[in-house]
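The values are calculated or read from the model by the stated rules, or taken from the named source; none is laboratory data. Here the structure is a predicted model, which means the values were calculated and not measured. Cβ sites come from the backbone with ideal geometry, for glycine too, and all protein chains shown count toward neighbours. Protein only, heavy atoms only, side chains kept; ligands, DNA and RNA dropped before computing areas. Shrake-Rupley method; radii C 1.70, N 1.55, O 1.52, S 1.80 Å.
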Amino acid sequence: MKEDGTSQEWFSTIPFGRGVWAVGVFLLAFATRPATASDSHVVESYRKDIKPILVKYCFDCHADGNKKGNVSFDAFKSDEDLTGKRELWHAVLKNTRAHIMPPARKPRPTAEEQQVLERWIKYGVFALDPKNPDPGRVTLRRLNRVEYRNTIRDLLGVDFDTDKEFPPDDIGYGFDNIGDVLSFSPLLAEKYMAAGQKIVASAVPTVARVMPVKELPPKSIPAYNKATKPDLGQDRNIVPYFSYTKGGKLEYTFQVDKPGEYRISAEMEVRGSFDFDPSRIELAFRLDGQEKMKVEHVWINKKTFRYEFKVQMQPGKEHQFELEGTPLPAGKEAGKKKLASTILQRISVRLEGPLDRKGWPLVKNHEQVFFRGEAPAAVGERRKYAREILERFVRKGFRRPTDDKTLDRLLKITELVYKQPDKTFEQGVSQAMVAVLASPRFLFRIEDADAKTPQGAAYALIDEYALASRLSYLLWSSMPDEELFRLAERGELRANLKTQVQRMLKDSRAGELSRNFAGQWLKARNVDHVPLNAPVILKQEGSTAKVKLDVELRKSIRLETELFFDHIARTDRSVLELIDSDYSFLNEPLANFYGISGVEGKEMRKVSLPKDSPRGGVLTQASVLMVTSNPTRTSPVKRGLFVLDNFLGVPSPPPPPDLEIPNLDEAAEKAKGEPVMRELMAKHRSMPLCASCHARMDPLGLGLENFNALGMYRDKERGQPIDTAGKLITGESFTNIRELKSILKDSRRRDFYFCLTEKFLTYALGRGPEYYDVEAIDRIVEQLERDQGRFSTLLMGVIESAPFQKRRTSAPKAK
């Protein structure tokens, strides 16, 4: 590509002869001049150059009274009206590129004619300017559940379960990060407020320092012996304890880290019999051989006692603490009454201190949540410190620096709280943090234009803070890290894009790209919940296999797809391996499920597939095969639609709303004998209204019939050999899954590049593809062709594209 975005190779691809020079001049005119759909040049070119192509290849079905697909090129009021229908011409562009139109049995435009048609649509009807591409609209995007959870984790270190706390996100264009469908209701606003309070309460300390408390374990505990010890009933395992009639001794050793005064406390519970017990016991407390306290206990039931004493101690010495119980005579009131089994139980000894607050450490998480030590006592210094904390927190929470007015409001909230007699400085800051987490600037990804944008420019680069967020939410589904913030602050992120992308891909958080992009594009995230009745599926096939489709196996099936995509992304392999490969990611249970030997253990790892294996690529992975099946059988329609939508980019339209679609299961019951899926589908396809769409779907779906609804390989269905042969609507024939994958990887490779690029751009932008994205997609596809489909080409192509890098400065003028 040239620097201005025009192709430097397009001219060399047009055959010489037949007016090539005139065609070249026509193409260059539209490639360098913005136009509008009503422009006289567009209409004139339609009449002169485009209409003859349509008459030659399209009018048989779409003119002169014919209206196949509800399209007729001669049914418009005028040529101006026809050339202004961008949606129509977008469909023409996609269908002619994919060789769906004209059909395989009809003559098709030559390469030269196709180039003329494409250029006219892009630079005439769409009025695209390759020198200044339209980046499209900026969609205000709310953080979805995954992004919110990850952002809170990276901001405050809290793993907040958004699946339980928030309602599911709506889906648009196959993804849950699409701005147009991420609604914001009053109920959700309340949930965000409650979530903010819960998150801050669990992450942010309410005080700066706390006195250290250490539970001291005894050096040894005598073993329980029913013959010599009292019957403890349900409390038998509660140790240590003293019997009133046997006594005992517990010893503790410990050291202190700082000099000062400490407190040693002992807590215990008396458990007596129901009847009066005259037994007594004396407890002695000794530290380093010196007796510190002595108390006497008599009969009582279920009462807790606490004893404590203070002592000065120095570090560097091991201290010895003893707690000894000595039985005392029962006394005159005992008489001839039998002694019961009263005990001292639940004995716990604690060391607290030093008691002087100056020796207390900062509480856990204090410095991890934007504090940098204890707040100063002076009013002015404390206010300054609070502002510093909030500025750091808001910068990360809002993913950009904020203005002074916002900080002043947050500081006011902080002061109103911590100035109350019973509140702390930390509690004041916490309340301001709750306000930040409930703010639209945290919940929504708000983007600003670069300040260097020339006045009056139609499009502007987004500023580098917005670019940092676009990068991090694309690759990590989370907020930018400190390095991205620093580069954005210095205005150096764009200059270091490739280095940063490579760094980010090495981070463990890059696994979110596989989970959230590939997991939705390939439907792997649905595996955990797709309803499949394994016993019924296997019984119908006459299989004796035992399959336990439990949580662990479903997890392995999902991970296979995620790890497979992750490997391609991180090691920069060709995206064509998504169609076919000689490896996958398996563990022993999944390998056994597939019938592959030699894999041991539960750990998922890269495994080379046997040479004769029909597997390889995601289409033969159980995740795809399961989510495109019905609960008790395969669904060639669902599988065919999946391939059309996610690999070829030409999904079939839904059936007419008033069409009564026959149920295949009912048809199977009424049919004589044991009809296989291909026979049932043939009967369904015989309906005229169904034939055209099923001609696209069925060959692809039936090509995967060797895999049952669980994704297990089979040769027969209902005792009959499975016929997977078929012919695509574009004309290519195949006999099995290997040949089908070969077609998708070779002759339909470019269709796959277009489809994958469009899906990835949709996920990256958070909006659906539009006509003005065609130029960006075309450039990426051309580069993929040159680079043999390297994943880095796709990734950097999207990141460096105008839609990812820029935004409109205002609504575009009507065209």
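On C-alpha positions alone, give me the angle between the axis of helix 749-765 and the longest principal axis of the chain, in degrees, nearest 10.
The two axes meet at around 50 degrees.
Beyond 53 Å, how much of the Cα-Cα pair distribution for the chain remains, as a whole percent?
Everything past 53 Å amounts to 36 percent.
Could you tell me what percent of the accessible area of the stretch 425-525 is made up of carbon and sulfur, with a 1.4 Å probe and every protein chain present?
49
Go ahead and run the numbers for FRET between D163 and K317, Cβ-Cβ distance against an R0 of 41 Å, rounding to 0.05.
E between D163 and K317, to the nearest 0.05, is 0.20.
Quick one: which of 453-460, 125-132 comes out on top by average Cβ neighbours within 10 Å, and what's the full order, highest first?
125-132, 453-460
Report the extension gain between N526 and E381 in nm, rounded to one decimal, defined as 0.36 nm multiplied by the number of residues separating them, less their alpha carbon distance.
46.8 nm
Where in the stretch 757-774 does the amide nitrogen come within less than 17 Å of the point 7 Å from the Cα of A457, taken along Cα to Cβ?
none
Rounded to the nearest 0.05, what FRET efficiency do K85 and R570 have when you use their Cβ-Cβ distance and R0 = 45 Å?
That gives a FRET efficiency of 0.55.
So how far apart, in nm, are the two label points at E251 and K131 if each is 7 Å from Cα heading toward Cβ?
Once both label points are built, they end up 9.2 nm from each other.
Work out the FRET efficiency for K555 and M211 from their Cβ-Cβ distance, taking R0 = 56 Å, and round it to the nearest 0.05.
Efficiency at R0 = 56 Å is approximately 0.80.
Kindly list the residues of the stretch 195-214 that lie in the label zone of K364, defined by a backbone N under 18 Å from the point 7 Å along the Cα-to-C-beta vector.
From the stretch 195-214, the list is 199-214.
On a 0 to 90° scale, report how tilted helix 551-570 is relative to the longest principal axis of the chain, with both axes built from alpha carbons and the result rounded to the nearest 10.
Taking Cα atoms only, the helix is inclined about 60 degrees.
Take the solvent-accessible surface of the protein heavy atoms, probe 1.4 Å, and return the percent of it on the stretch 722-815 that carbon and sulfur atoms account for.
That fraction is 47 percent.
From the residues T724, F76, L559, which one has its Cα farthest along the dipole of the chain in the positive direction, the dipole being from +1 and -1 charges on Cβ of Lys/Arg and Asp/Glu about the Cα centre?
L559
Specify which residue in the list T735, L794, V181 is farthest towards the positive end of the charge dipole of the chain, using unit charges on the beta carbon of Lys, Arg (+1) and Asp, Glu (-1), about the Cα centre.
The listed residue farthest towards the positive side: V181.
Considering the options Y57, P614, I596, tell which one lies farthest towards the positive end of the dipole of the chain, charges being +1 on Lys and Arg and -1 on Asp and Glu at the Cβ, about the Cα centre.
I596
For a label point 7 Å from the Cα of K77 along Cα→C-beta, name the residues of the stretch 112-150 whose backbone N is under 16 Å from it.
Those under the cut-off are none; the list is empty.
For L497 and V55, calculate 0.36 nm times their separation in residues minus their Cα-Cα distance, and state this gained length in nm to one decimal.
Full extension of this stretch gives 154.3 nm more.
Would you work out if the stretch 386-537 is rounded, prolate or oblate? Take a ≥ b ≥ c from the square roots of the eigenvalues of the alpha-carbon gyration tensor; rounded if a/c is under 1.5, else prolate when a/b is larger than b/c, oblate otherwise.
Judged from the Cα gyration tensor, the stretch 386-537 comes out oblate (a/c at least 1.5, b/c at or above a/b).
How big is the dipole moment of the chain about its Cα centre under a simple scheme where the beta carbon of each Lys and Arg is +1, that of each Asp and Glu is -1, and everything else is neutral? Debye, nearest 20, please.
1340
Using only Cα atoms, tell me the angle between helix 111-120 and the longest principal axis of the chain; keep it within 0 to 90° and round to the nearest 10.
Taking the Cα atoms of the chain, the angle to 111-120 is about 70 degrees.
Tell me, in nm to one decimal, what length is gained between T110 and E190 on full extension, where the rule is 0.36 nm per residue of separation less the Cα-Cα distance?
That works out to 22.8 nm of additional length.
Once neighbouring chains are kept in place and the probe is 1.4 Å, which whole percent of the accessible area of the stretch 68-136 is contributed by carbon and sulfur?
Carbon and sulfur: 50 percent of the exposed surface of the stretch 68-136.
Just the accessible area for R280, please: 1.4 Å probe, Å², rounded to the nearest 10?
Ignoring ligands and nucleic acids, R280 comes out at about 60 Å².
Given points 7 Å out from each Cα along the Cα-Cβ axis, report the R808 to F309 separation in nanometres with one decimal.
It works out to 8.2 nm between the two label points.
At 1.4 Å probe radius, can you tell me the per residue accessible area of the chain in Å²?
Heavy-atom SASA per residue in the chain reads 48 Å².
Could you order peptides 593-600, 750-757 by the average number of other Cβ atoms within 10 Å of their residues, highest first?
My ranking of the peptides, most packed first, is 750-757, 593-600.
I need the shape label for the stretch 702-742. Rule: rounded when a/c is under 1.5, else prolate if a/b > b/c, else oblate, with a, b, c from the alpha carbon gyration tensor.
Prolate, since a/c reaches 1.5 and a/b exceeds b/c.
For the cross-link pairs K164/K198; K548/K602; K452/K806; K51/K131, which exceed 18 Å when the distance is taken from alpha carbon to alpha carbon?
In this structure, K51/K131 exceed 18 Å between Cα atoms.
Between the stretch 567-642 and the stretch 391-432, how many Å separate their Cα centres?
Between the Cα centres of the stretch 567-642 and the stretch 391-432 lies a distance of 51 Å.
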